[in-house]
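Heads up, the thing below is written out as structure tokens.
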Amino acid sequence: IILDKNKPRIRTVVNKTDSIQNDYRTMQLEVLAGNHSLVTSVIESGICFHVDLATVYVSNFLFLQ
């Protein structure tokens, strides 16, 4: 339902399958629906970053640091 109601803004729906347990704070994700790519765009302070969620930790709460 999330994917259908938010197209084209949302192309992939994922689920975090485990807690963060490593130094790089990456997390295990499973694709529930949509495109199977974990590469996404994150816009912070007017700058667009393209990140791979399988290898990078992204948190909107930490953008000021």
| Value of relative contact order over the stretch 2-62, rounded to a whole percent, pairs C-alpha under 8 Å and six or more apart | 27 percent
| task | Mind giving me the FRET efficiency for D4 and V39? R0 is 22 Å, r the Cβ-Cβ distance, nearest 0.05 is fine. | result | 0.55
| field | Electrostatic dipole magnitude of the chain [Cβ: Lys, Arg +1; Asp, Glu -1; Cα centre; debye, to 20] | value | 280 debye
| note | Cα convex hull volume per residue for the chain, in Å³, equals 107 Å³
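Each value in this text was obtained by applying a stated rule to the coordinates, not by laboratory testing. What you see is a predicted model, and the numbers here were worked out from it, not measured in a lab. When we count neighbours, we look across all protein chains shown, and the Cβ atoms used for this are built from the backbone with ideal geometry, even at glycine.
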